[in-house]
Amino acid sequence: MTTVEAAATAEHRQELSFVLDDEWFGVEISGIQEVLEYRRITQVPRTPDFMLGVINLRGKVIPVVDLRQHFRMQVTEPTIDTCIVIVNVEVDGEDTPLGILTDRVQEVVELDGADISPAPRIGNRIDSQFIEGMARYDDHFIILLRLSEIFSSDELQSVISGSERQPEAQTEHAME
C-alpha cells in the first residue's frame, strides 16, 4: 500500500499549510515542533547552499534551511510574514529539530484522507519523490510534503554537522 493509499484509508489528518512562491505546501502537524517569527539567522561556512545558517532556540542550536532554494524557486528577501517552522526530521535514527523558512504560514487544515490524491507525474516544480500527495482545500491545492524525502541523509548530516561546528557565542546573537 502506498503512502497516499494509506492516507486515503485514514479518516482525517491535520496539516500545517504554508506558502512558498505563492504555492501552498503542507506538513503533517505531528512533525511540527513550533512556528517562529522570522529572526536573524547566523550563517555557517561550508554548508550546502540551501542551508541559511542556525538560530538559537532556548539554548539549542537549530539549523535553518530554505526550501525555496532547495526546490529551485526564486529566492526572496524575508518579509513581515516570513516564518521559521521548526520540524522534527529523522537523522541516523534520531529525531532532530530543523527550521524551514516559509514565506508565510497559513493555517492548520484538517483533510479527509479520501481527498488526498497522488502527485501528478509532470508539471511540478519539485521532484515528486518529495510529495506525499495533493489535496484540494478551498480554492487551493496543497502539496503535501514528505519531510523525510526532501533531503538526502547526507545533506541532512552535513546541515546538522555544520550547525554543530557553529561556536555558541555567535549563535547567542541569532536570538536577537
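For the residues THR82, THR76, a 1.4 Å probe over the protein chains yields an accessible-area ranking, largest first, of THR76, THR82. HIS140 contributes an accessible area of around 70 Å² to the protein surface, as traced by a 1.4 Å probe with all chains present.
Between SER148 and THR82, what is 0.36 nm times their sequence separation minus the Cα-Cα distance? Round to one decimal in nm.
Gain on stretching SER148 to THR82: 21.5 nm.
For VAL91, the residues whose amide H sits under 5 Å from its own are THR96, ignoring neighbours fewer than 5 places away on the same chain, with H placed 1.01 Å from N. Could you work out how much longer the chain between VAL19 and ALA114 gets when fully extended? Use 0.36 nm per residue separation minus the Cα distance between them, nm to one decimal. Stretched fully, the VAL19-ALA114 segment lengthens by 31.9 nm. Between the amide H of GLN33 and those of ILE86, VAL87, ASN88, distances stay under 5 Å, these residues lying 5 or more places away or on another chain, with hydrogens modeled in the peptide plane.
The values are calculated or read from the model by the stated rules, or taken from the named source; none is laboratory data. Just so you know, these numbers come straight off a predicted model, no measurement behind them. Only protein heavy atoms, including side chains, enter the accessible area calculation; ligands, DNA and RNA are left aside. Shrake-Rupley method; radii C 1.70, N 1.55, O 1.52, S 1.80 Å.
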